[in-house]
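Read through the structure below, which is laid out as structure tokens, and then see the notes.
Please treat every number below as a calculation from the coordinates, not as lab data. Predicted model, so just to flag it, every value in this text is computed and none were measured. Every residue, glycine among them, receives a Cβ derived from its backbone with ideal geometry; neighbour counts consider all protein chains shown.
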Amino acid sequence: MRIDISHHYDASPATVHAMLSDPAFWQYALEGQADSVSVNATPDGVSMQLGAKAPSQVRAITGDTLQFTLAVNWEQGDGIWSGPIEIDAGKLPGSFTGTSTIGPDASGTKVTYGGDFTIKIPLVGGKIEQKAVPYMTAVLNGQQAKGVEWLAAH
């Protein structure tokens, strides 16, 4: 299932990139979104491990907790940062593979996420994808709201 999301920030691309590369921002942004969060800076981005209560539909596969690993790496060119973003759903045979871009727009910065989300479980994978996409979208959009707060305070 395809996911495309754009966020706007009233700050420069360099400032937004610094925020999105900062583990402290992610700890702040994901507070209340996951039961456990571990974030590490990498040379070109961030990596994180998240744990959240598993929905009843997948507990037979995952156990009580879903474990996610997220990695995003950006390369800079001409004031734009772009690179792959990958989310692995651990025991759940699901993943998100796409691209993240941070660049200027008319009045600040536009951050885009685009890629394909799949859950490879025969017969029910598509139904689980449909239920999971609104959650993923809400988490990403919550990240934007937290980013606006973060930038105002830092």
#### Entry: Pairs beyond 23 Å (Cα-Cα), from Lys53/Lys131; Lys53/Lys127; Lys120/Lys146; Lys110/Lys146
Lys120/Lys146
### Message
Based on alpha-carbon atoms only, what is the radius of gyration of region 90-152 relative to the globular estimate 2.2 N^0.38 Å?
### Response
1.40
### CD proxy at 222 nm, helix term only [per DSSP H run n ≥ 4: -39500 (n - 2.57); per residue of the chain; nearest 500]
-9500 deg cm²/dmol
### Message
I want to verify the translational diffusion coefficient of the chain in µm²/s; compute it with Stokes-Einstein, Rh as the Kirkwood radius over Cα pairs, at 37 °C and 0.692 mPa s.
### Response
205 µm²/s
### Message
Please compute the length gained on full extension between Asp105 and Ala14, using 0.36 nm multiplied by the number of residues separating them and subtracting their Cα-Cα distance.
### Response
31.5 nm
### Task
Provide the packing ranking of 3-16, 36-49, i.e. peptides ordered by the mean count of other C-beta atoms within 10 Å per residue, highest first.
3-16, 36-49
### Task
Between Asp116 and Gln130, with labels modelled 7 Å along Cα→Cβ, what's the label distance in nm to one decimal, could you check?
2.0 nm
